Number of protein chains: 2
Amino acid sequence: MRWCRFKYNDHPSFGIIEDDKIIPITGSPFEDYQRVNAEVEQNGAELLAPVIPPTFYATGRNYPEHLADRVAHGSTAPKEAWTGYRASNALVGTKHPIIIPADCPDDVEYEGELVAVIGKQAKNLTHDNAMDVVFGYTIGNDISGMSWHKNDPRPWRSKNTDTWKPMGPWIETDLDVSKAVATIRHNGKDMTEFKIDSWIFSIADVLVAITKYMTVYPGDILWMGAEGVSPYLKHGDEVEIEINGIGVLTNPVIREGM
Amino acid sequence: MRWCRFKYNDHPSFGIIEDDKIIPITGSPFEDYQRVNAEVEQNGAELLAPVIPPTFYATGRNYPEHLADRVAHGSTAPKEAWTGYRASNALVGTKHPIIIPADCPDDVEYEGELVAVIGKQAKNLTHDNAMDVVFGYTIGNDISGMSWHKNDPRPWRSKNTDTWKPMGPWIETDLDVSKAVATIRHNGKDMTEFKIDSWIFSIADVLVAITKYMTVYPGDILWMGAEGVSPYLKHGDEVEIEINGIGVLTNPVIREGM
């Protein structure tokens, strides 16, 4: 089943994707919902980030080549599963431009990654039950300004500038993660391809680690990190992230003032 | 005017505090609301964290003595106003216990600080209009596990363990920040007293800095940092943070397994 969030009568609404139509719902996919007696052509609908999470978790340095690059640049290798955080203001849907502020240095990178969407409140998960709280999957593009990331006291604008967390195009509830492959295209050219489960820490590993201390809630999202190293983004570029079984997240790039 | 969030008929509800009564409302203090035709005795009501924010901003190293201590321990001094992030799972109200997990090292600290609650969506604020988006003020206690903070790849459990962000007791909309003083009491003993506006970066400084890149939304919260250095918390302790003009945030401390 495919869930989306889209602009319906000028307001955000959750919807169910059936063939080339979207059926709006009232309520939320994580609790009670009612199908609205209406349908909207998917072609032409404005898809939004498929959920605005209570908490936006993001693990990183979670694939071997990417980790090796980060360690070469001075980061440590995580010994155990862990999480970082991102901010919801930065979320946009597919097709929405990634906007680079005029004063941002040129070293802006992208990372295409799998996103797990949480469906249930839970604490103290185990490897036996952790995956029961995963409602579905979507795709994220983690944009980072590397000079800012290196020089600021913490990752804030380097990771959370408005539009720097494209997510979508929708949530797919039926995904065989063991068969999922991410393909990253930059201006139409294949740049990186990696098996999603070639990660160092799995979704279950991260959920077990974080729910030892933190309660997760319906709608929380967990970004799982990316393989490889990206070249820098420039005005006029386009990034596509495809995960087979989910779809394609596509975003153009604009530099302010160009 | 004083706004709270409290348990009403077993569900969280916003309310208006008038004398010793709470008037429940429907809707939200930041948008349209209606007073419910009912009142609840404040004495005996369970006050919750007064808002669950879309984004939880927290600046730090923002008072001179506290900064000097952190720099002595290897942190850098921020050159410009900036922000960090905390996670909403960690929020609890006044009176709720701060729970230290059994496996957490002993070096758990507290920081009493002013919290600004945002009332309007805004970007690109200036020093002339930044304070117009502040809806009101509450009190936060930023609990940190210092060994975890030092050794983990990013602040996650060190800052965001469940119950480690007490906030309350309510939101006060009429506060003269220039006259506000924080008094921190540990087991009834005065530990630290500081003028709120002895900060390095003001609320306006931080809002101007962050809204250059990020849109703030109604209900977002901005924790402003603390002065001084705290001793470690242990099972059976109690921390009170008073800011004149707002009230007192009081939380007992429990170590799991004791």
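Just so you know, all these numbers are worked out from the coordinates, no wet-lab data involved. These figures come from a predicted structure and were not determined experimentally. Glycine gets a Cβ as well: all are built from the backbone with ideal geometry, and neighbour counts include every protein chain shown.
Give the nm distances, rounded to one decimal, from B:His127 to the matching residue in every other copy, measuring between label points 7 Å along Cα toward the beta carbon; shortest first.
Its label point is 5.7 nm from the equivalent points in the other copies.
Could you work out the relative contact order of the stretch B:1-94? I mean the mean sequence separation of Cα pairs under 8 Å and 6+ apart, divided by the number of residues, in percent.
Relative contact order here is 23 percent.
Once each part is reduced to its C-alpha centroid, what is the distance from the stretch B:59-81 to the stretch B:153-208 in angstrom?
A separation of 15 Å, based on Cα centres.
Taking the Cα centre of chain B as origin and charging only Cβ (+1 Lys, Arg; -1 Asp, Glu), how large is the dipole, in debye to the nearest 20?
700
From the backbone phi of the stretch B:12-22, what are the Karplus-calculated ³J(HN,Hα) couplings (6.51 cos²θ - 1.76 cosθ + 1.60, θ = phi - 60°) in whole Hz, Gly and Pro given as x?
x, 9, 6, x, 9, 8, 10, 6, 9, 10, 10
In nm to one decimal, list the spacings between the A:Lys212 label point and its equivalents in the other copies, with label points set 7 Å along Cα to Cβ, shortest first.
3.9
Closest to the B-onto-A rotation axis, which residue of chain B has its Cβ, and how many Å off the axis is it?
B:Tyr85, 2
Label-point separation (nm) for A:Ser147 and A:Asp106, each offset 7 Å from Cα along Cα-to-Cβ?
Result: 1.0 nm between the two label points.
Quick one: 3J(HN,Hα) in Hz for the stretch B:244-257, Karplus 6.51/-1.76/1.60 with θ = phi - 60°, rounded, Gly and Pro as x.
Once rounded to whole Hz, the list reads 4, x, 10, x, 10, 9, 10, 9, x, 10, 10, 9, 4, x.
Cut-off under 22 Å on the C-alpha distance; same-chain residues fewer than 8 positions from B:Lys21 excluded. Which lysines are left, in chain and number order?
Hits, sequence-local ones excluded: B:Lys7, B:Lys95.
Once the label point is set 7 Å along the Cα-to-beta-carbon vector, what list of distances in nm do you get between B:Glu46 and its counterparts in the other copies?
Here the equivalent label points are 4.1 nm apart from this one.
Within chain B, what's the longest stretch lacking GluC sites (Glu not before Pro) that sit in DSSP loops with no more than 11 other Cβ atoms inside 10 Å?
The answer is B:81-255.
Among B:Thr138, B:Thr26, B:Thr163, which one shows the biggest mean-square fluctuation in a GNM of chain B, springs joining Cα atoms closer than 10 Å?
B:Thr26
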